[in-house]
Structure formats: C-alpha cells, structure tokens
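Colleague: Here's a structure for you.
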Amino acid sequence: MVTLLEGGAYLLNGTEIIPDNQEAAAAVAAKTGKQMNKEEASKETISYGILKSHNTSGNMDSLKIKFDKLTSHDITFVGIIQTARASGLTKFPIPYVLTNCHNSLCAVGGTINEDDHLFGLTCAKKYGGVYVPPHQAVIHQFAREMLAGGGKMILGSDSHTRYGALGTMAMGEGGPELVKQLLNQTYDIKMPGVIGVYLTGEPVKGVGPQDVALAIIGAVFKNGYVKNKVMEFVGPGVERLSADFRIGIDVMTTETTCLSSIWKTDKEIEEFYEIHGRKDEYKELAPGEVAYYDGMICVDLSAVRPMIAMPFHPSNTYTIQEVNENLEDILDEVEKRAAVSLDGAVEYSLRDKVRNGKFCVDQGIIAGCAGGGFENICAAADILKGQYIGADEFTLSVYPASMPVYMELIKNGCAATILETGAVMKTAFCGPCFGAGDTPANNGFSIRHSTRNFPNREGSKLQNGQIASVALMDARSIAATAANKGVLTPATEFDGTFGKYKYHFDSKIYENRVFDSKGVADPDVEIHFGPNIKDWPAMCSLPENMVLQVVSEIHDPVTTTDELIPSGETSSYRSNPLGLAEFTLSRKDPAYVGRAKEIQKAQTAVMEGKCPVEEKPELAPVMGTIRKQYPDVGEGNIGFGSTIFAVKPGDGSAREQAASCQKVLGGWANIANEYATKRYRSNLINWGMLPFLIEEGELPFTNLDYLFISGIRKAVEEEQGTITAYVVKEDGLKSFTLTLGDLTKEERRIILEGCLINYNRV
C-alpha cells in the first residue's frame, strides 16, 4: 500500500513519475520536449513557490521566512507573550490567535487555569489579537475554519500545525520562534528537501484518513525518509478524497518528523472555503509541468486497510486484521517494546485483554484536531446507528473539534444517534491528546482517533505505579469496535451504508463569542496576572569556559518531549517557569531535578559574585584537576551547569518547555547522537543551550561525571567545527570530541547572549 523510491524523481504533469537515474533527463525530454535538470525542476514544486514568496533573504538556499499568521494555545501562549514582553513587544504585527483548547480540566486546583485564560484575553486586547474561549474550538480546527488561505504560511506553537490540505504551508515550532515573528524577526532555515506523496486509487468502504496516515507513518518514520522535509501530496488519488479526508491525513504528517506539508488543491478545497464564507482565500495550487522531488512516497489508497498504531508510538503500525490474526506474536512484540519505553518501571501486559481469542479494549475516544472532524463523526454515527456500547467496562467519548461542527451534528441528527448508544459527547478539548482527560483505569487500553500514543499521553503516571496505554485508530474502526462492545473490529466489517452529509458552517457562534481585535491594539488595557504567572528568571550569557555535570543519561532509541517534560496535569503550571520545571524528566528520571539544582548552586553563586566552590564544595577537586592543565581558568571566566545525554531526543510536541525547563534549572547543553526534530533543537538554541552532537558508540563519560570545555564562547564565536571537551577524572582530563552542527549567525548570537530574551532585551 505504501512504497518508497530510493532516490529522487521527476513528476510530469502531476501524473507520471520518472525515477531519477541516468536515463531520467532523456526520458523527461522525450515526453515533454524540455531539457530540465534537477535544480530547475525542483523550483516547480508547490513548496518552492510558497517558500519563495515568503522568503526575505533573497537567497533560496538560506531562507528567512516571514509568516502570514500565528496561532498558540493555552499551554504555550503565556510563556510566548511573557518572552515577547520582556523583549519590548508593543503590538502583534500580524494576526495572532490565542485558543484555549488545552484547558487543563485536571488542574491542580485554585485559579491557575482561568487566570491564564484571562491573561490571554487581556493580551489580545492590549496587543491586537484574537482570543478563542475554552470549548469553542481546538486550535487547528479554528485555524482551518478561520485562518487558512491558499499559498499562505502559518506558524503555530503546537506541533500539529498542519493545514497543507487547504493549500496553506503551516509549521509547528517552539514558542521562541513565534516570539521572533512577533518582534518582526524571521524563521531561518536552509531550503528543505521536498518529498512527493503520490496518491493513486480510492479508499475502500470503512477506511478513513487515520488509516492512510498510519500506513504512511509506519513506512517513513524509522528510516527518517521525510525528516525535516516538506511532504507534498500530489497524484490522481487526491481528487478522490474529500476535504475532511485530506485534512485527516495531513494533520498526522507531524508524526513522520517532516517539517511541513502542502497539497495540490482543486474544486473540493474551493468548496471548503466557500462553505466557510472565505471563498477569496482559495488558490489553485499544483506542481509545474516538470517538477523534481527529493524522494517519492507512492500510496495506493485502494490497498489501505484499517490500521492500528500499538503503544507507544504512532509508527508502531499494523493492520487490524494482522493484529486479530496474530494476537500472541504481536502482543509479545509490543510488550517487549514497552519494556524499553517504560524502562521496566512498571509491569505492563496486554495479554489479559485477550478473551475467548479476541482482543478487547477498555475505551474508545474520537477527538481533537485529527478525529473530531465532521465526516469522521458522521461516519462513526452511521456505524453505531441502532447499536449500543454495552453496560460493562467499555466506554466511548466523542469530542467534536469545534462548536460549529458540534452544532451541525446536532442539526443533522448524528449527535443523537451517538448519544443513544450510551456514548458521551463532549466539547472541543485536546485533553485526550495530551493526557488531561479520559484517563483509563490502571492497565487500561484505549483506542483513539487522536494524534499521539506516547507513554503517559493518556494520563497515567509511571512514578506512581500507574500505567495505561493508547492505540491509534480511525474513528470508523473505533465505532465498529464500540458497536462490538469493545472487541477490536475493523470498520471494513460494517455492512451498512454511509450517509452523505452536507456540512453547513455557521459563523455566528464565533461572531457571538470570539474576541477579535481586528488588528487594533489598545495599550491602555491592563494585563490580568494571576498569582501563578511568573516572569522568566534571569539568565546569564555564555561563559568563556564551562564545567558541566551530566545529570541524566538516557539510552532509549528515541526520547519524546513528553518524557522530557510531561504533559497532562503538569500543564497546570505552564505559566510558572520554575513551578513547571519541577516536573522535568519526572517520569523518566525522577532524580534529574535534584541533581540539576545541585550544580546550579555553583552558577547562582557566580551570578551573585560569590565563590562557587564554597557553595558546592564537591567542585574543589574538579577545579583542582582542571587548573593543573588550565591554570588561568577561574574567577570571571567560568560558568557551571548541567547537561543530559540522550540518543535521539525531541520527538513529539513543539512545546518549548522541554528545553526551557532544563534551562531554568541551570541546563547549559544537551548531548545527543542525533536530534529527533528540528523544533526541539531550535528550542534548545533559543533558550541558550548548546545542542551538542557526539558520535555513536561507547560514551566517554557516565552519569554524574563532570565535563570541562575550554574556550566554549570562542568556539561558538569563531564557528569552530569540532570542540574538544574533557571528562574530569581523578588522574586528569580525558579528552573527547563534540560538534554543534550547523548554526546560523543569529543562532550563535542567541547562544552567546544566553537565550532569546537576552538577545532581544531592551
């Protein structure tokens, strides 16, 4: 169903693929009469045209992008605006939408949650933005309905910022990248590669967008085929998909680790804009007559079958049929993978879910930006019509992605159909996606049409001995499973008919409730500050020399941002940098925070003009060893901090807290074999942390070792390719090599200044 070309490919007239080989140029010329090389043909992709129109550098190899619009939700917008305020923000220079779909229903208590919301509302008034109250819409559905535009670019502080199906190139990045846009700075990247996704055929009955998305993710994640590249959807299969279906595939492209996505557009997308009262935002997009792609993913839609991504990653994919036919083998494989993901912290088993030879799940969820769309829920209603979910353990919850979608489901009767089954309909909320709603019981197994199934995304807490898990599925197969009282069932077994439901968008809901400044700022508005909303602590510039203590060592193949800083109830502290930092690595390495704070004492002493060794006597022999080889290192030219090692950190969320929490605890660096995503590495840089790389193999250091780097500031200033570091041992300094990878001039400056706030401080 999914095949990958080993090299690049030419696409002729959007319909014919010519693999890049020695005969490719001749074949292109023979079929088109044009002599085209790769360089010229790569300019004929949709992606190139959009990036060129938003690039301000004049150099398409080194892009400086200015976006058309910005979006944030309530996990991130407080920190973003606080950072921008500290840097001199006076007005939002472009439309900036603040949503409240990460409204933490499991908040720790008190007024924290609503204080953050009022902060957002008053900032929208003061700086000229848009404020979407809780329960009105999840961030990405609102963006689709009200913000997307053909040929436009949107930057969001949520990793699933993807509106490519609507002709909008959207990117999810950490908050500091939005801060740069708010300060009229740019998003700086090298020209990304562009991977074609060539769709043919038509989905069979019962197959939904999540099935197609999971099939693609399973084929490309582990081999990094699209990492940090743009996925461009083309081919004759596109026109056989509805707008909602395309959107459902598109939102999941984030889980491939691609940079962004874009689709060719047609009358289906034009109709989407017309339905939403924004027909003038439609733009026809298609690749040129001869377009070159750096790779090609070929997807036969007719061959896709209902899929399931087993715990604990969206790439852990099988067909549901495979699972049902090979239960024992697959469950054994999943349990072995879980032992690695969970570090053996808790007992984890799925075998108790097998009853009478069938796999029984405990919970179904259809929700959020991936599952909560109109067509998904209508299809689920059709499958559930006349059925009931039973009065036992199994539960089903449905979250429409916006109030306009919810209202239309009420009007067309689908909401009533779902409620009659015993299922529950809830308002727009991202809780099931980030671990703040519908947490199953211990050892529970939930099937969800949502975006991620990382450990703890369902709300369990390993540190308390609590473990539940999530598998990703399409709404259709979730409904089929619900109709079968929780027995895992693919929707292709549904023998009824799917209705054709016309969607009518009613904008009055938003007109009556959403605050829209229309771009007008009111500087006289007083910002609402709740007692939990705290400013960022002071951060110093990069010192000349550095002592780092390794305070966590992680050898998992991939480390997610949810493991670096858990989501869920911890998000209640999102507006308090130091309060939130207490949860850093809490579910992966509970000792991390205490260790980081210990070495931070030395740097605090430096910043206060005190002796760091007196504050932390353990450093006396460390400094003694260093001074034997570097006698001039000492007062006024040295800094102290912590670092972690992880094999491949940063898969998952764009939340910069995964980096900022390390920084406010005194982190100066990460050391990795590879960074899973650009956005996590960018977050490290924007918080003034060194994104070190080390070659794979046996590490020269172990956890709690002290490392010394001489002349680190000079190395960053002079763009040194390699950096010599030392492990401080009793018998002397043991050298090893680190690199920093590519850094722009601005990124080096940010690191030197200590963080983006210092870089921009007025």
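The numbers here are math on the coordinates, done by the rules we state, and not lab data. Because the structure is predicted, anything quoted here is derived from the model rather than measured. Positions of Cβ are generated from backbone atoms using ideal geometry, with glycine treated the same way; all protein chains shown enter the neighbour counts.
Colleague: Cβ neighbours within 10 Å, averaged per peptide: list 430-436, 570-576 in order, most packed at the top.
Modeller: Working: 430-436: 29.0, 570-576: 24.4.
Packing order, densest peptide first, comes out as 430-436, 570-576.
Colleague: How large is the convex hull of the Cα atoms of region 307-508 per residue, expressed in Å³ as a whole number? Don't skip to the answer; put the middle values down first.
Modeller: Numbers: hull volume 21.9 nm³, N = 202.
Residue-normalised Cα hull volume stands at 108 Å³.
Colleague: Report the antiparallel proportion of the DSSP beta bridges in the chain as a percent, rounded to a multiple of 5.
Modeller: Numbers: 42 of 103 bridges.
Of the beta bridges lying entirely in the chain, close to 40 percent run antiparallel.
Colleague: In region 150-177, whose amide N lies under 14 Å from the spot 7 Å out along Cα-to-Cβ of Asp742? List them in ranges.
Modeller: none
Colleague: Continuing with the same structure: Alpha carbon centre of region 334-365 versus region 254-279: separation in Å?
Modeller: Centre-to-centre (Cα) distance: 37 Å.
Colleague: At 7 Å along Cα-to-Cβ for each site, give me the label-to-label distance between Val647 and Lys190 in nm.
Modeller: Between Val647 and Lys190, the simple spin-label model gives 2.5 nm.
Colleague: How much length would be gained if the chain were fully extended between Ala391 and Ala521, taking 0.36 nm per residue of separation minus their Cα-Cα distance, in nm to one decimal? Walk me through the numbers on the way to the answer.
Modeller: On the way: separation 130, 0.36 × 130 = 46.80 nm, distance 5.33 nm.
The span from Ala391 to Ala521 would gain 41.5 nm if fully extended.
Colleague: Taking Lys601 as the anchor, which lysines have their alpha carbon closer than 19 Å to its alpha carbon, excluding any fewer than eight residues away along the same chain?
Modeller: Once the sequence-local lysines are set aside, what remains near Lys601 is Lys610, Lys616, Lys663.
Colleague: Counting pairwise Cα distances across region 538-621, what percent come out greater than 20 angstrom? Each step should come with its number before you reach the end.
Modeller: Working: 1629 of 3486 pairs.
Looking at region 538-621, the distances longer than 20 Å represent 47 percent of pairs.
Colleague: A further question on this structure: How large is the dipole of the chain about the Cα centre if only Lys and Arg carry +1 and Asp and Glu carry -1, each at its Cβ, rounded to the nearest 20 debye? Let's see the in-between values first.
Modeller: Values: 74 positive and 96 negative charges, 245 e Å.
In total the dipole reaches around 1180 debye.
Colleague: What does the helix-only formula give at 222 nm for the chain: each DSSP H stretch with n ≥ 4 adding -39500 (n - 2.57), the total divided by the residues, and the result rounded to the nearest 500 deg cm²/dmol? Intermediate values should be presented prior to the final figure.
Modeller: Numbers: 29 runs with 241 residues, N = 762.
Value at 222 nm, helices only, nearest 500: -8500 deg cm²/dmol.
Colleague: Please compute the Kirkwood hydrodynamic radius of region 545-760 from all pairs of different C-alpha atoms, in Å with one decimal.
Modeller: Values: mean 1/r = 0.0577 Å⁻¹.
Its Kirkwood hydrodynamic radius stands at 17.3 Å.
Colleague: Pairs Lys125/Lys508; Lys126/Lys283; Lys66/Lys745; Lys126/Lys264; Lys222/Lys734: which exceed 27 Å Cα-Cα? Before the final figure, lay out the partial values.
Modeller: Details: Lys125/Lys508 21 Å; Lys126/Lys283 33 Å; Lys66/Lys745 18 Å; Lys126/Lys264 38 Å; Lys222/Lys734 34 Å.
In this structure, Lys126/Lys283; Lys126/Lys264; Lys222/Lys734 lie more than 27 Å apart at Cα.
Colleague: Is region 65-188 best put as rounded, prolate or oblate by its Cα gyration tensor, with a ≥ b ≥ c the root eigenvalues, rounded for a/c under 1.5, and otherwise prolate when a/b is larger than b/c, oblate when not? If you can, show how the numbers build up before the last one.
Modeller: Working: a/c = 1.87, a/b = 1.25, b/c = 1.50.
Judged from the Cα gyration tensor, region 65-188 comes out oblate (a/c at least 1.5, b/c at or above a/b).
Colleague: Looking only at region 1-17, which residues have a backbone nitrogen under 18 Å from a spot 7 Å from the Cα of Ala26 in the C-beta direction?
Modeller: Output list for this probe position: 10.
Colleague: Cα-Cα over 18 Å: which of Lys64/Lys518; Lys190/Lys227; Lys597/Lys648; Lys52/Lys229; Lys43/Lys227? Working shown, then result.
Modeller: On the way: Lys64/Lys518 27 Å; Lys190/Lys227 14 Å; Lys597/Lys648 24 Å; Lys52/Lys229 16 Å; Lys43/Lys227 20 Å.
Lys64/Lys518; Lys597/Lys648; Lys43/Lys227, as the Cα separations exceed 18 Å there.
Colleague: Something else now. Can you compute the modelled spin-label distance between Ile17 and Lys500, with each label point 7 Å from Cα toward Cβ, in nm?
Modeller: About 3.1 nm separates the two model spin labels.
Colleague: Ok, one more. Expected output is a single nm value to one decimal: the length gained when fully extending between Glu598 and Asn356, i.e. 0.36 nm times separation in residues minus the C-alpha distance. What is it? Present the calculation step by step, with values, prior to reporting the outcome.
Modeller: Numbers: separation 242, 0.36 × 242 = 87.12 nm, distance 5.42 nm.
Result: 81.7 nm gained on full extension.
Colleague: Evaluate E = 1/(1 + (r/R0)^6) for Ser53 and Glu730, where r is the Cβ-Cβ distance and R0 equals 56 Å; express this FRET efficiency to the nearest 0.05.
Modeller: Values: r = 60 Å, r/R0 = 1.07.
About 0.40, to the nearest 0.05.
Colleague: Just from the alpha-carbon atoms, what are the Rg and Dmax of the chain in angstroms?
Modeller: Rg then Dmax for the chain, in Å: 25.8, 82.
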